[in-house]
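Below is the structure I would like to discuss, written out as structure tokens.
The values are calculated or read from the model by the stated rules, or taken from the named source; none is laboratory data. Quantities reported herein were computed from a predicted structural model and do not represent experimental measurements. Cβ: placed from backbone, ideal geometry, glycine included. Neighbour counts: every protein chain shown.
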Amino acid sequence: MAKVRAERVTKVFKTLKALDNVSVTIDHGLFFCLLGPSGSGKTTLMRIISGLETPTSGSIFFDDEDVTGLSPSERNIAMVFQFPSIYPSLNIYDNIALAIRREVNSKQEERERVQWAASLLRIEEHLKKRYHEIDFGILQRVSIAKAIVRKAQVYIFDEPLSNLDTKLRESLRSEFQHIHREVGGTFIYVTHDQLEAMAIADKIGILRDGRLQQVGTPDEIYYHPLNKFVAYFIGSPTINFIDTKLKLVEDKPYAFVGNTYLQLDEKFKRALQSRMGKLENLQLGIRPHDISISTTPVADSIPCNVNYIESLGTSLLVELVSGPAAFKCLCDATLNIKEGMQVYAVFDKEHIHIIDPETEEVII
Amino acid sequence: MTSQPDTGSRILKIFPIILIFPAVALVVFLVIFPLIWALGLSFYSYNVLRGEPPIFVGVENYYRLLNSLDVWRRFVLTGQFVFYSVSIEFLLGFGLAHLFYNQFRGRRLAITLVTTPLLVAPVAVGIFHRYLFDATFGIYSYIAQLLTGQSVRILSQHPMFAIVFMDVWQWSPFMMLFILAGLEAIPKHMLESSEIDRLSPLAKFRYIVWPTIKPLVALALLFRTMDAFRTFDTIFTLTGGGPGTATEVLSIQIYRTAFQFFRTGEATALAFIFLVIILLLTNIYLRLARRE
């Protein structure tokens, strides 16, 4: 396994700049997710790391070796594609074995390793079968087995679950961390599904329009997004952005939400002082989980009206309106509220972000 | 109460029959009826010129044809022509397809140019090859002379070469189109996957390329073999079956028997033998293609 380093990688397709000066280091043994909406350049970056694509400028290093000019086979990488890559004329065993023909010294070793990979992916019963005899979900498991059976520098997964149905996706997703522990290599996993990335990755790199937005652990990215896009892209239901302005009263910071001034924590004061007086035209970001509803007035709450209620089973997604501000809140389904009712929203101040909508930077 | 759904369902049953009747009638009168008529005729001795009533001779026509050394020679000749033409067309088509599978400048134009022979009428192909092979001013004869150092009269000295060459010229692009379609159908990620699996070029061909193009290759071979067996117009206009009977393939022999010697009964018998051979070949191919 290797440490993967991309250095100032830029890729231009005719007129489209798919990647713009991306630098990232992926430590060895890490489960790294490249996350981004479609067209963000995540697949391009993955293909450049794998060697299927050459960068317009910049370099790729495996450990300290520059591999930019090497082909995928010279880089010794293993890869799983979006669609199963099974050779139809061979049975499943031979498909997996073919991937390691160059690595093994004996039939015995080959058999052991294929068995190991097959048991890890729970496909032992299918080893003797052919392509046409098994369904799509199993085929994708075979593709994964074909990759992890290798002793590769890097294991790359290109949205391997995106063509599976929800149930299959969930069951395979939950196995991925176990697979990673057993294989013990550097995993690079491309996905557009933030839930998937949050669930399985050690670290996530978020791309947008060919630029790397933030690299961090799932927690860092969820709780401390660096910019508005990351805050917006991660988390479901989506974070609320509420237009706000800040002010200091008696040396205490306040944010104006709806019709009310909400007192903020002390830590916001320092951030506000560094803004040098530009306190207007800001946005307050808060996730629906971090807002709770009270039917009776409580201190430091925002009086608002229930606009509509969407039931998500065990919880309710409630849209609240206060003056010009509208925001969503996730609350327990047992809460007795009706549309049109007046309620009081309580913000969890630990998890409030202040965003400058012009630069899209998260100030705090 | 009971009659209404009855008539309704009867109309529903009859309606599709009414709809397909014209097509069936056309096939019956223009294809099946003449075929059966011809089958009957093949058991008679009949000369269309003399206008005498046909004389029933049973299987004598077949007996005579199958025991005739001449007919067997035509079979062998036709077989050779088909074998040479189709194999060379396959090899050339295969090569061309791999060439055109790569992207290069002017690829579309080159494909158009290479496939134009398919659009030329067979009679025209035959006639202009007669000029190209002409012993005194044909360009091919000139090239042959440059290569061998002596004057070669291709049409009289190597007539089989000439007709195979002409068929290859016209039909290689057909093979190419089929194989190219097969190559284009290979999923890109499979090729990339083979690169990542570190397969040798041979293994890549064996496990990815061949399984994808195989059905198309089988189909192209089937079409070409059946077609090459029936080839008439190009050979007839180029050599007329000559010199002597050196290029008289079965189809030309049937034509001659029917319209030069006017042994109509015998010609239909030969045509039926011919039909059976093509059906057999088709079956073998289809079975091979379906085996996988």
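Could you give every pair whose Cβ atoms fall below 9 Å, whose first residue belongs to region B:1-15 and is surrounded by 10 or more Cβ atoms within 10 Å (Cβ to Cβ), and whose second residue is in a loop (DSSP other than H, G, I, E, B) and modelled with pLDDT of 80 or more, counting only separations of at least 6 or pairs across chains?
none
Quick one: is B:Thr268 over 27 Å from B:Phe90 (Cα atoms) and either in a helix (DSSP H, G or I) or touching a Leu at 6+ places or on another chain (Cβ under 7 Å) (or both)?
It is true that B:Thr268 is over 27 Å from B:Phe90 (Cα atoms) and either in a helix (DSSP H, G or I) or touching a Leu at 6+ places or on another chain (Cβ under 7 Å) (or both).
Here's another thing I want to ask about it. Out of the residues in region A:265-300 that are under 12 Å from A:Ile352 (Cα atoms) and part of a loop (DSSP other than H, G, I, E, B), state the one that is modelled with the highest pLDDT.
Checked region A:265-300; the qualifying residue modelled with the highest pLDDT is A:Arg287.
Kindly establish whether B:Val28 is of a type outside the set (Phe, Trp, Tyr), part of a helix (DSSP H, G or I), over 25 Å from B:Ile252 (Cα atoms) and modelled with pLDDT of 80 or more.
Criteria met by B:Val28.
Identify, from the list A:Gly58, A:Gly69, the residue that is farther than 29 Å from A:Ile138 by Cα, over 29 Å from the mean Cα position of the chain (by Cα) and not in a helix (DSSP H, G or I).
Checking each option against the conditions leaves just A:Gly69.
Does region A:35-55 hold any residues that are among the hydrophobic types (A, V, I, L, M, F, W, C), under 12 Å from A:Gly210 (Cα atoms) and not in a helix (DSSP H, G or I), and which are they?
Result: A:Leu35, single match.
Answer yes if at least one residue in region A:43-61 is touching a strand residue (DSSP E or B) at 6+ places or on another chain (Cβ under 9 Å), surrounded by 22 or more Cβ atoms within 10 Å (Cβ to Cβ), modelled with pLDDT under 90 and not acidic (Asp, Glu), and no otherwise.
Checked against the condition, which is being touching a strand residue (DSSP E or B) at 6+ places or on another chain (Cβ under 9 Å), surrounded by 22 or more Cβ atoms within 10 Å (Cβ to Cβ), modelled with pLDDT under 90 and not acidic (Asp, Glu), region A:43-61 yields no hits at all.
Please determine whether any residue of region B:194-206 is of a type in the set (S, T, N, Q), out of contact with any Leu (no Cβ under 7 Å at 6 or more places or on another chain) and away from chain A (no Cβ under 14 Å). Explain how you work it out, then say what you get.
Filtering region B:194-206 for residues of a type in the set (S, T, N, Q) gives B:194, B:200.
After this cut, where a residue has to be out of contact with any Leu (no Cβ under 7 Å at 6 or more places or on another chain) as well, the list is B:194, B:200.
Still in the list and also away from chain A (no Cβ under 14 Å): none.
Scanning region B:194-206 turns up no residue that is of a type in the set (S, T, N, Q), out of contact with any Leu (no Cβ under 7 Å at 6 or more places or on another chain) and away from chain A (no Cβ under 14 Å).
Okay, moving on. Among the residues that make up region B:12-19, is at least one of them assigned to a helix (DSSP H, G or I), of a type in the set (A, V, I, L, M) and closer than 12 Å to B:Gly265 by Cα? Steps first, please.
Let us first name the residues in region B:12-19 that are assigned to a helix (DSSP H, G or I), namely B:12-19.
Of the ones still in play, those that are also of a type in the set (A, V, I, L, M) are B:12, B:14, B:17-19.
So of that shortlist, the ones also closer than 12 Å to B:Gly265 by Cα come out as none.
Within region B:12-19, none of the residues are assigned to a helix (DSSP H, G or I), of a type in the set (A, V, I, L, M) and closer than 12 Å to B:Gly265 by Cα.
Looking only at region B:27-34, decide whether some residue is in contact with a strand residue (DSSP E or B) (Cβ under 8 Å, 6 or more places away or on another chain) and not polar (S, T, N, Q).
no
Every residue, every condition in (1) over 29 Å from A:Leu121 (Cβ atoms); (2) free of Cβ contacts under 8 Å to residues at least 12 places away in the same chain; (3) in the same structural domain as A:Asp348 (by TED's automatic domain parsing), yes or no:
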{"position": "A:Leu168", "(1), (2), (3)": "no, no, no"}
{"position": "A:Tyr189", "(1), (2), (3)": "no, no, no"}
{"position": "A:Asp209", "(1), (2), (3)": "yes, no, no"}
{"position": "A:Gln214", "(1), (2), (3)": "yes, no, no"}
{"position": "A:Phe229", "(1), (2), (3)": "yes, no, no"}
{"position": "A:Thr244", "(1), (2), (3)": "yes, no, yes"}
{"position": "A:Arg270", "(1), (2), (3)": "yes, yes, yes"}
{"position": "A:Gly285", "(1), (2), (3)": "yes, no, yes"}
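Please state which of the following conditions B:Pro215 fails to meet, knowing it meets all the rest: (1) surrounded by fewer than 18 Cβ atoms within 10 Å (Cβ to Cβ); (2) touching a Gly at 6+ places or on another chain (Cβ under 9 Å); (3) over 30 Å from A:Leu98 (Cα atoms).
(3)
Do we find that B:Leu183 is of a type in the set (A, V, I, L, M), away from every other protein chain (no Cβ under 13 Å) and over 30 Å from B:Gly126 (Cβ atoms) in this structure?
When the stated conditions are applied, B:Leu183 passes them.
Just for strands (runs of 3 or more DSSP E) wholly inside region A:127-245: which have at least 3 residues that are farther than 30 Å from A:Phe327 by Cα?
Where strands (runs of 3 or more DSSP E) fall fully within region A:127-245 and carry at least 3 residues being farther than 30 Å from A:Phe327 by Cα, they are A:154-158, A:186-191.
Output the residues belonging to region A:147-195 that are under 10 Å from the mean Cα position of the chain (by Cα) and crowded, with 21+ Cβ neighbours inside 10 Å.
Answer for region A:147-195, where residues must be under 10 Å from the mean Cα position of the chain (by Cα) and crowded, with 21+ Cβ neighbours inside 10 Å: A:Tyr189, A:Val190, A:Thr191, A:Gln194.
Report the residue count in region B:110-129 for those that are farther than 14 Å from B:Pro173 by Cα and surrounded by fewer than 16 Cβ atoms within 10 Å (Cβ to Cβ).
First, the residues of region B:110-129 that are farther than 14 Å from B:Pro173 by Cα: B:121-129.
Those still in the list that are surrounded by fewer than 16 Cβ atoms within 10 Å (Cβ to Cβ) too: B:121, B:123-124, B:127-128.
Of the residues in that region, 5 qualify.
Whether any residue in region B:158-180 is within 14 Å of another protein chain (Cβ to nearest Cβ), within 30 Å of A:Met79 (Cβ to Cβ) and among the hydrophobic types (A, V, I, L, M, F, W, C) is what I want to check.
no
Tell me the strands (runs of 3 or more DSSP E) entirely within region A:313-361 that contain at least 1 residues that are assigned by TED's automatic domain parsing to the domain that holds A:Thr295 and touching a helix residue (DSSP H, G or I) at 6+ places or on another chain (Cβ under 6 Å).
Strands (runs of 3 or more DSSP E) meeting the threshold: A:325-332, A:353-356.
Give the number of residues within region A:77-106 that are more than 8 Å from every other protein chain (Cβ to nearest Cβ), under 18 Å from A:Ser50 (Cα atoms) and at pLDDT 90 or above.
Result for region A:77-106: 1.
Further, regarding this structure: Looking only at region A:90-126, count how many residues are part of a helix (DSSP H, G or I) and touching a strand residue (DSSP E or B) at 6+ places or on another chain (Cβ under 8 Å).
Matching residues across region A:90-126 total 1.
Here's something else I'd like to know. So, A:Ile234, is that one touching a strand residue (DSSP E or B) at 6+ places or on another chain (Cβ under 6 Å) and hydrophobic (A, V, I, L, M, F, W, C) or not?
In short, no.
Next question. Mind checking which residues of region A:10-46 are within 19 Å of A:Thr186 (Cβ to Cβ) and without any contact (Cβ under 8 Å) to a residue 24 or more places away in the chain?
Scanning region A:10-46 gives a single hit, A:Thr25.
Further question: Of B:Glu292, B:Glu266, which residue is away from chain A (no Cβ under 14 Å), modelled with pLDDT under 85 and touching a helix residue (DSSP H, G or I) at 6+ places or on another chain (Cβ under 8 Å)?
B:Glu266
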